[in-house]
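The values are calculated or read from the model by the stated rules, or taken from the named source; none is laboratory data. The model shown is predicted, which means the values in this text are computed figures rather than measured ones. Counting neighbours? That spans all protein chains shown, and the Cβs are built from the backbone with ideal geometry, glycine included.
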Amino acid sequence: MSETTTGSILVLNGPNLNLLGIREPQTYGRETLADVEALCRTAAAKAGYEVEFLQSNHEGVLIDAIHAARTTMVGIVINPGAFTHTSVALADAVSGVQLPVIEVHISNVHQREAFRHHSYISAVAASVIVGAGTNGYVLGVEQLIHLVGR
Ligand code: DHK
């Protein structure tokens with residue numbers, strides 16, 4: 001962390017989000033993950049925070065990143081992709097590190113298939129943002145900064 005920054009925020013993206021912009025644009029929009037990264041960095045920088053940005057299609061990689069964040073990050077903004085609806089392990093990682101976590105979904109999962117209505121992460125997240133498109137990541141970063149106090 002440089003002297004001019006207040007801390008670092010981990011922004012994590014789960015499976016298939018590397019395909020943002022290509023994948024089902026009617027649901028996920030046309031912005032790419034690189035666009036999302038730029039949005040997050042700009043939102044964080046306004047309050048003096050840096051962003052570590054990671055996407056993985058692998059559950060264990062996401063879990064390892066959450067564990068590593070415990071001592072290096074002020075909190076986490078996560079879109080767990082489909083692991084939202086399946087992963088007790090990811091939820092356990094979130095509760096295990098005791099960092100504030102903001103869960104983000106680009107689409108309004110509650111307007112979609114029933115299997116997307118339940119999230120294992122929501123019970124352990126500080127806040128949940130759904131259906132705001134990629135602006136949800138900006139809201140997530142802003143909410144995390146609000147929670148950690150700046
Ligand atoms: C992204 C995914 O990849 C889906 O599996 C989730 C989420 C919804 C989103 O809206 O960002 O069900």
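Remarks
- Breaking point among (1) buried (at least 19 other Cβ atoms within 10 Å of the Cβ); (2) away from the ligand (no atom under 16 Å from the Cβ), for residue 70: (1)
- Residue 54 falls short on exactly one of the conditions (1) more than 22 Å from residue 6 (Cα to Cα); (2) surrounded by fewer than 22 Cβ atoms within 10 Å (Cβ to Cβ), and that condition is (1).
- Any hit, segment 59-70, residues being closer than 18 Å to residue 102 by Cα and free of Cβ contacts under 8 Å to residues at least 12 places away in the same chain: yes
- The condition (being touching a strand residue (DSSP E or B) at 6+ places or on another chain (Cβ under 9 Å), among the basic types (Lys, Arg) and modelled with pLDDT of 95 or more) is satisfied by just one residue among 116, 112: 116.
- Taking segment 73-88 as the range and being over 20 Å from residue 147 (Cβ atoms), within 11 Å of the ligand (Cβ to nearest atom) and not hydroxyl-bearing (Ser, Thr, Tyr) as the test, the residues that pass are 81, 82, 83, 85.
- Test: residue in segment 101-118 that is within 13 Å of the ligand (Cβ to nearest atom) and touching a Phe, Trp or Tyr at 6+ places or on another chain (Cβ under 6 Å): yes
- Hits in segment 21-46 (condition: among the aliphatic types (A, V, I, L, M) and over 16 Å from residue 130 (Cα atoms)): 22, 33, 34, 38, 39, 43, 44, 45
- Per the conditions (1) within 16 Å of the ligand (Cβ to nearest atom); (2) farther than 17 Å from residue 9 by Cβ, the sole criterion not satisfied by residue 124 is (1).
Here is a yes/no grid of residues against (1) within 16 Å of the ligand (Cβ to nearest atom); (2) exposed (fewer than 12 other Cβ atoms within 10 Å of the Cβ); (3) closer than 23 Å to residue 146 by Cβ:
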| site | (1), (2), (3) |
| --- | --- |
| 9 | no, no, yes |
| 24 | yes, yes, no |
| 33 | yes, no, no |
| 39 | yes, no, yes |
| 47 | no, no, yes |
| 63 | no, no, no |
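- Members of segment 47-73 found to be over 18 Å from residue 9 (Cα atoms) and not in a loop (DSSP other than H, G, I, E, B), listed by number: 59, 60
- Boolean, residue 29 is small (Gly, Ala, Ser), within 14 Å of the ligand (Cβ to nearest atom) and either within 16 Å of residue 143 (Cα to Cα) or surrounded by 13 or more Cβ atoms within 10 Å (Cβ to Cβ) (or both): yes
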